[in-house]
Amino acid sequence: MKIAVFPGSFDPITLGHYDIIERAVPLFDKLIIAIGKNAQKKYMFSLEKRIEFIKKSVAHFPNVEVDSFEGLTVDYCIEKKAQFVLRGLRNPADFEFEKAIAHTNRTLAHHQVESVFLLTSSGKSFISSSIVREIINHGGEYELLVPDAVRI
Ligand code: ADP
């Protein structure tokens, strides 16, 4: 059984995340979207809200689960018997950042966890949760950049 974990903050989930999820669904037997809890980070949406937004957005996919975790992504993958970490790549900056994380994770997991990257569809690569939060803070039309389930 091929199991992948898609880790992230999802504060909130965007159409960019959704694009990656939709395209990863046929590649794995199970996809776990996992919100990493980071005590140092300030979030706009509570963990419960972020989980609710994702659950509603992916409810129609039978093989997608939503969860949260504390600690290292690789430890969570091993706990869930996931062989793959899924990440999205928007631009060269994402690549540089993700490259270091992927090598680190593979080393920490003693080569038991592979990272798999999907390129964002054109037209979605400019979207980020931080841009969405900025639009929300200024009363803009954030609905254009997020799944229908995300409403404040
Ligand atoms: P993190 O705090 O781990 O960066 P995010 O929720 O911002 O969490 O992102 C989670 C994953 O989703 C990352 O792999 C990121 O590259 C990817 N991602 C975010 N926005 C997009 C987008 N517009 N297109 C493709 N991937 C994206």
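Brief remarks on what is shown
- Accessible area of the stretch 56-152 divided out per residue, in Å², using a probe of 1.4 angstrom: 62 Å²
- P(r) histogram, all alpha-carbon pairs of the chain included - 5 Å bins from 0, percent: 2, 9, 19, 22, 23, 16, 7, 2, 1, 0
- Amide H within-cut-off set for Ser68, under 5 Å, with H built and near neighbours excluded: Ile35
- Carbon and sulfur %, accessible surface of the chain computed with the full protein complex present, 1.4 Å: 54 percent
- The calculated FRET efficiency for Asn137 paired with Asp67, based on their beta-carbon distance and R0 = 41 Å, is about 0.90.
- Flagged links, alpha-carbon separation over 25 Å, of Lys42/Lys80; Lys2/Lys49; Lys41/Lys81; Lys2/Lys41; Lys41/Lys99; Lys42/Lys81: Lys42/Lys80; Lys2/Lys49; Lys41/Lys81; Lys2/Lys41; Lys42/Lys81
- For the chain, complete DSSP H runs whose alpha carbons reach 15 Å or more along their own long axis and whose mean Kyte-Doolittle score is -1.0 or higher are 47-58, 92-108.
The values are calculated or read from the model by the stated rules, or taken from the named source; none is laboratory data. Keep in mind the model is a prediction, meaning the values are calculated, not measured. Note: ideal-geometry Cβ built from the backbone for every residue, glycine included; neighbour counts use all protein chains shown. Only protein heavy atoms, including side chains, enter the accessible area calculation; ligands, DNA and RNA are left aside. Shrake-Rupley method; radii C 1.70, N 1.55, O 1.52, S 1.80 Å.
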